[in-house]
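Visitor: Sharing a structure with you now.
The values are calculated or read from the model by the stated rules, or taken from the named source; none is laboratory data. Keep in mind that this is a model prediction, so the values were computed, not measured. As a convention, Cβ positions derive from the backbone with ideal geometry for all residues, glycine included, and neighbour counts pool all protein chains shown. Areas reflect the complete protein model, heavy atoms only, side chains present, ligands, DNA and RNA absent. Shrake-Rupley method; radii C 1.70, N 1.55, O 1.52, S 1.80 Å.
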Amino acid sequence: SPSLRAAAMAGGPPPPLEPSPLPVFREEGFLDKFLRKTRENPLVPLGCLCTVGVLTYGLISFQRGNIRRSQLMMRARILAQGFTFAALLGGMVVTAMKSK
């Protein structure tokens, strides 16, 4: 199809592209992303910290033989996990509402 190529070249060069302002993005590192997400929804990291704290205390109680306190802490861990999950879902709903 050399004749098609020759016909296209006979029309001259294509018009120059208009320089459009392109957004400039910088690479976001782990710490930057973590801090941004924490600012957007501070309840999720708080819930994670509570869950880990209660779990750790429950395991220490279990190791020391305090079964009653260990069981209480495992139940509290479930509540902390539920709070974290609810905060995560709530943050997703808020983000979805903002994008509309």
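Visitor: For region 15-43, how many residues meet the condition of being modelled with pLDDT of 90 or more, open to solvent by 70 Å² or more (accessible area, probe 1.4 Å) and not in a helix (DSSP H, G or I)?
Guide: Residues that pass the stated criteria total 1.
Visitor: Let me ask you something else. Any residue at all in region 64-80 that is modelled with pLDDT of 95 or more and closer than 22 Å to Val93 by Cβ?
Guide: So far as region 64-80 goes, yes, one or more of its residues are modelled with pLDDT of 95 or more and closer than 22 Å to Val93 by Cβ.
Visitor: Taking region 44-76, which residues are in contact (Cβ under 8 Å) with a residue 12 or more places away in the chain, open to solvent by less than 60 Å² (accessible area, probe 1.4 Å), more than 21 Å from Phe34 (Cβ to Cβ) and not aliphatic (A, V, I, L, M)?
Guide: Scanning region 44-76 gives Gly58, Ser61, Ser70.
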